[in-house]
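For reference, the structure discussed in these notes is given below.
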There are 2 protein chains.
Amino acid sequence: MPRRSGEHAQLRLTADLVILTIRKDVLNILLIKRGNDPFPGSWALPGGFVSRDEPVDRTALRELEEETGIAGEALHLEQVRTYGAPDRDPRGRVVTVAYLGIAPDLPEPQPGTDATHAAWTPADRVLEGKLKLAFDHRTIVEDAVERARSKLEYTSLATAFCTEPFTIADLRRVYEAVWGETLDPGNFSRKVTKTDGFVEPTGDHRVGETGRPPLLYRRGKAVTLYPPILRTRIGGSGSTA
Amino acid sequence: MPRRSGEHAQLRLTADLVILTIRKDVLNILLIKRGNDPFPGSWALPGGFVSRDEPVDRTALRELEEETGIAGEALHLEQVRTYGAPDRDPRGRVVTVAYLGIAPDLPEPQPGTDATHAAWTPADRVLEGKLKLAFDHRTIVEDAVERARSKLEYTSLATAFCTEPFTIADLRRVYEAVWGETLDPGNFSRKVTKTDGFVEPTGDHRVGETGRPPLLYRRGKAVTLYPPILRTRIGGSGSTA
DNA sequence: TCAAAAGTGTTGTGAATACACCCATGG
DNA sequence: CCATGGGTGTATTCACAACACTTTTGA
């Protein structure tokens with residue numbers, strides 16, 4: 001199938017990561033400050049080049065650890081999509097595979113290779129354009145966050161934000177932070193505990209905080225939720241992409 | 001960020017296409033019979049190498065036309081995901097970006113470059129393993145078909161299978177073919193016509209067939225459907241991936 | 001007149017919302 | 001005893017599945 005071999009040799013492949021977590025009830029994203037060309041000093045997603053014979057998924061985990069010191073254990077990681085516009089990188093033809101990672105609240109990241117800083121940043125600062133990112137990383141963030149938002153509806157992804165054991169209110173705060181809307185605590189509790197396989201009670205209560213001690217849960221076996229937990233569409237005409 | 005330049009030079013990128021259509025109320029997929037190494041004589045997805053400075057999306061359309069004679073006009077095309085296992089291609093490191101295409105019933109494909117045959121094939125023959133495909137193309141087909149099945153639920157994707165103008169029954173047969181289940185005609189009709197922006201009446205009827213002449217519709221403006229048209233989950237425990 | 005297909009009416013069931021209210025703890 | 005957050009009760013609204021039934025054509 002190749003036409004002339006020279007036509008393909010210049011292309012390089014990277015993996016970039018959108019790592020999301022909830023910090024103080026706010027959706028945060030892991031960013032690094034670039035140390036090298038291009039865009040030195042700019043904020044960007046962690047990521048880097050795929051090595052020969054390295055699965056792309058492993059590139060993602062390796063770069064995450066190299067640039068931020070965060071290990072991929074206990075991290076939900078899934079591919080979002082691939083960005084292949086010819087002019088997206090000034091270094092030449094660089095195609096990137098974007099990943100979405102979901103983490104429970106993690107320690108401060110430690111900058112490593114190619115990064116002078118690594119920090120959790122409220123996702124809204126990127127989505128609202130107040131913080132500019134290098135390359136087409138803002139688009140990647142938008143797509144990844146929308147993926148997370150919609151997967152909260154029909155999968156058990158929200159539990160990946162929680163450290164076990166967690167309470168129903170912990171889970172509700174995940175939905176509220178990711179969707180940016182408040183939910184009725186009572187109705188949410190019922191819906192979650194009645195959705196087969198979403199969460200399993202441990203039998204214990206969480207103590208030490210004010211208010212009635214909540215029951216503790218761990219992740220259930222279900223991957224997809226039926227019925228789904230739908231966002232409230234305003235207007236309902238549904239012309240959103 | 002590159003370590004040694006030699007580490008990246010060997011990687012090549014392809015675009016592969018899962019083109020779906022409905023033929024005689026059955027979900028069909030467009031396959032080619034390979035003319036070249038590797039796997040000559042095997043059935044496979046249409047696709048080919050990304051050229052220098054060519055957007056990956058354009059590669060997909062170009063290869064589709066080159067190998068099957070089908071033009072990308074009036075074709076819904078979206079990326080599914082990227083497959084990057086190091087050993088997925090015996091020629092070396094070849095990473096592929098898979099696309100899902102949805103087409104209304106099209107003429108017979110004409111084999112072109114690198115393909116000795118091109119044909120519509122019932123998707124079940126591939127999904128049930130009765131027809132073996134080259135590379136990891138069966139996995140790609142499974143993922144693409146599952147994407148189509150779930151997007152029928154919460155988007156207006158089904159209309160991409162229909163030639164305008166179409167009837168509600170045409171649309172119902174799309175759902176039935178893709179989901180592999182029968183739907184109640186009356187309830188389906190109500191649901192579709194009441195879902196804001198899904199279809200718009202043209203005012204005309206289709207004549208010449210037996211039975212009461214159905215109203216004709218064109219695609220509405222909505223991209224997402226609310227409320228969604230959900231598949232009937234049996235058992236409901238939702239442990240599917 | 002009959003078969004076939006389209007589309008409406010009707011009814012019972014289940015789920016979602018809004019919100020009142022009770023529970024169990026820390027201060 | 002009060003504030004705080006967790007959780008249940010309940011009425012209303014809404015959506016859906018099942019299926020009877022009417023409509024309108026071709027044969």
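The stretch between B:ARG190 and B:SER42, if pulled fully straight at 0.36 nm per residue, gains 48.8 nm over its current Cα-Cα span.
Give me A:HIS137, A:HIS205, B:HIS76 ranked fewest to most by other Cβ atoms within 10 Å of their Cβ, as a rough exposure proxy.
Details: A:HIS137 24, A:HIS205 11, B:HIS76 17.
Fewest-to-most ranking of A:HIS137, A:HIS205, B:HIS76: A:HIS205, B:HIS76, A:HIS137.
Mean partner shielding of peptide A:215-225, defined as the number of other chain Cβ atoms within 10 Å of each residue Cβ, is 2.
Relative to the Cα centre, the charge distribution of segment A:12-136, modelled as +1 at Lys and Arg Cβ and -1 at Asp and Glu Cβ, gives a dipole magnitude of about 380 debye.
In terms of overall dimensions, chain A has a Cα radius of gyration and Dmax of 19.8, 71 angstrom. For the protein assembly as shown, the orientation-averaged shadow of the C-alpha convex hull comes to 24.9 nm² (one quarter of the hull surface). With a 10 Å cut-off around each Cβ of B:52-59, the average count of Cβ atoms from other chains is 5. Here A:LYS132 is the anchor, and the lysines within straight C-alpha reach of less than 21 Å, apart from those fewer than 8 places off in the same chain, are A:LYS33. Note on the protein assembly as shown: with charges restricted to the Cβ of Lys and Arg (+1) and Asp and Glu (-1), its dipole about the Cα centre is near 580 debye. Close amide-amide hydrogen proximity is noted between A:ASP105 and A:ILE22, A:THR163, each under 5 Å apart and 5 or more residues distant or on a separate chain (H modeled in the peptide plane; Pro and chain starts excluded). Other residues lying with their Cβ under 13 Å from the Cβ of B:GLU128 contribute a combined charge of +2, Lys and Arg counting +1, Asp and Glu -1.
Working from label points 7 Å from Cα in the Cα-to-Cβ sense, the B:SER150 to B:VAL223 distance is 1.8 nm. Our estimate of slack between A:GLU181 and A:ALA85, defined as 0.36 nm per intervening residue step minus the Cα-Cα distance, is 31.1 nm. A Stokes-Einstein calculation at 10 °C with viscosity 1.306 mPa s, built on the Kirkwood radius of segment A:102-240 over Cα pairs, returns a diffusion coefficient of 93 µm²/s. Counting Lys +1, Arg +1, Asp -1, Glu -1, what net charge surrounds A:ARG219 among other residues with beta carbon under 10 Å of its beta carbon? With Lys, Arg at +1 and Asp, Glu at -1, the net is 0.
Estimated from the Cβ-Cβ distance and a Förster radius of 45 angstrom, the FRET efficiency linking A:ARG62 and B:THR210 is about 0.10.
Going by alpha carbons, how many degrees (0 to 90, nearest 10) lie between the helix axis of A:168-179 and the longest principal axis of chain A? Approximately 40 degrees, to the nearest ten. Sorting the segments B:94-104, B:108-118 by their mean number of nearby beta carbons within 10 angstrom, highest to lowest, gives B:94-104, B:108-118. Helix B:185-194 and the long axis of chain B differ in direction by around 80°, with both axes built from C-alpha atoms.
For A:LYS194, which aspartates and glutamates qualify as cross-link partners when the Cα separation must be under 16 Å and same-chain residues fewer than eight apart are set aside? Cα-Cα hits under 16 Å: A:GLU153, A:ASP184.
Shielding of peptide B:10-17 by partners, expressed as the average count of other chain Cβ atoms within 10 Å per residue Cβ, is 5.
Inter-copy label distances for B:PRO185: 5.3 nm (label point placed 7 Å from Cα along Cα→Cβ; shortest first). 5 Å is the cut-off here: which amide hydrogens, built 1.01 Å from N in the peptide plane, fall below it relative to A:ARG81, excluding neighbours closer than 5 in sequence? Those lying under 5 Å, H to H, from A:ARG81 are A:ALA98.
If you take every residue apart from A:GLY197 with its C-beta less than 15 Å away from the C-beta of A:GLY197, what net charge results, scoring Lys and Arg +1 and Asp and Glu -1?
Numbers: positive: A:LYS191, A:LYS194, A:ARG218, A:ARG219, A:LYS221, B:ARG233; negative: A:ASP196, A:GLU200.
Local charge sum for A:GLY197: +4.
Under 20 Å from a label point set 7 Å out along the Cα-to-Cβ vector of B:THR202, the amide N atoms of segment B:169-185 belong to B:169-175. Here the spin labels are modelled as points 7 Å beyond Cα on the Cα-Cβ line, and at A:LEU230 and A:ARG23 they lie 3.5 nm apart. Measure nothing fancy, just the Cα-based angle from helix B:137-154's long axis to the longest principal axis of chain B, in degrees from 0 to 90, nearest 10. That works out to roughly 30 degrees.
When chain A is turned onto chain B, the axis of that turn runs closest to one Cβ of chain A, and that residue with its distance in whole Å is A:THR82, 2. In this assembly of identical copies, the label point of A:PRO213 (Cα plus 7 Å along Cα-to-Cβ) is separated from its counterparts by 7.4 nm, sorted shortest first.
The same position B:THR116 in the other copies lies at 6.0 nm from this copy, comparing label points 7 Å beyond Cα toward the beta-carbon, shortest first.
Computed from the coordinates by the stated procedures, all read-outs in this text should not be read as laboratory data. Note that the structure is predicted; figures quoted are calculated from it, not measured. Reconstructed Cβ throughout: ideal geometry from the backbone, glycine too, with neighbour counts over all protein chains shown.
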